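Engineer: Questions regarding the structure given below will be posed in turn.
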Amino acid sequence: MMGSDKPYSMPRSPETDYNCTMSRKTTRIVLEGLPQMIHCGASEQERSQPQTLLFDLELEFPFPANDRIEATVDYSVIPRRLDNLLGKDSFCLIELIAQVVAQDLLKTFPQLNQVAVRVHKPDAPLGIPFSDLFAEVRLARGFNRPR
């Protein structure tokens, strides 16, 4: 029935389990090209003016049991979260920005198993033409403790 207020519910039967255990069923949401204005650069001069960095985020979590937002990651809050997290500070390294974002996502969304954060710096002052420059950090819950 179209337009029903009742959310879709995943059927539970051997035919729909595809020989997978629930612990192995995962979902991955990918957000690409999220722009953020950030003070970032190796020199004070470069950091003096905000520049656009682009974020790609991969969020992995258990397969949702139903069709409700509470069963997944509400990615609509992420752009504002990035702005609040990064907008007031100045950074030298895009590697650190990626790490700060990855750690914050794991802290904010307890259902995440792992995240990947890629930070692109399209206007990096390299002095030569280039197609892309980025740093990437991947963190998995439970495997990030120092030994």
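The values are calculated or read from the model by the stated rules, or taken from the named source; none is laboratory data. As the structure is a prediction and not an experimental result, all values here were calculated from the model. Note that we place each Cβ from the backbone using ideal geometry, even for glycine, and neighbour counts take in every protein chain shown.
Engineer: Any chance the range 74-84 includes a residue that's among the charged types (D, E, K, R), touching a strand residue (DSSP E or B) at 6+ places or on another chain (Cβ under 9 Å) and part of a loop (DSSP other than H, G, I, E, B)?
Structural biologist: First, the residues of the range 74-84 that are among the charged types (D, E, K, R): 74, 80-81, 83.
Checking the rest, the ones that are also touching a strand residue (DSSP E or B) at 6+ places or on another chain (Cβ under 9 Å) come to 83.
Keeping just the survivors that are part of a loop (DSSP other than H, G, I, E, B) gives none.
Within the range 74-84, not a single residue is among the charged types (D, E, K, R), touching a strand residue (DSSP E or B) at 6+ places or on another chain (Cβ under 9 Å) and part of a loop (DSSP other than H, G, I, E, B).
Engineer: A follow-up question, please. Going by what's in this entry, would Leu85 be described as loosely packed, with under 13 Cβ neighbours inside 10 Å and without any contact (Cβ under 8 Å) to a residue 40 or more places away in the chain?
Structural biologist: Taking the combined requirement at face value, the residue does not satisfy it.
Engineer: Checking Leu82 against (1) under 20 Å from Lys25 (Cβ atoms); (2) within 13 Å of the chain's Cα centre (by Cα); (3) not hydroxyl-bearing (Ser, Thr, Tyr): exactly one of these is not met. Which one?
Structural biologist: Going through the list (1) under 20 Å from Lys25 (Cβ atoms); (2) within 13 Å of the chain's Cα centre (by Cα); (3) not hydroxyl-bearing (Ser, Thr, Tyr), Leu82 breaks only (1).
Engineer: Look at Ala98 and say whether it is in a loop (DSSP other than H, G, I, E, B) and not basic (Lys, Arg).
Structural biologist: no
Engineer: Examine the range 105-114 for a residue that is part of a strand (DSSP E or B), surrounded by 19 or more Cβ atoms within 10 Å (Cβ to Cβ) and of a type outside the set (A, V, I, L, M), and state whether such a residue exists.
Structural biologist: Within the range 105-114 (the criterion being part of a strand (DSSP E or B), surrounded by 19 or more Cβ atoms within 10 Å (Cβ to Cβ) and of a type outside the set (A, V, I, L, M)), the answer is yes, since at least one residue qualifies.
Rundown of residues vs (1) within 23 Å of Gly142 (Cβ to Cβ); (2) at pLDDT 90 or above; (3) touching a Pro at 6+ places or on another chain (Cβ under 7 Å); (4) not small (Gly, Ala, Ser), yes/no style:
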position	(1), (2), (3), (4)
Glu32	no, yes, no, yes
Phe55	no, yes, no, yes
Glu58	yes, yes, no, yes
Asn66	no, no, yes, yes
Leu85	yes, yes, no, yes
Ala116	yes, yes, no, no
Ile128	no, yes, no, yes
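Engineer: Another question, if that's okay. How many residues are farther than 19 Å from Gln111 by Cα and not in a strand (DSSP E or B) if we restrict to the range 32-73?
Structural biologist: 10
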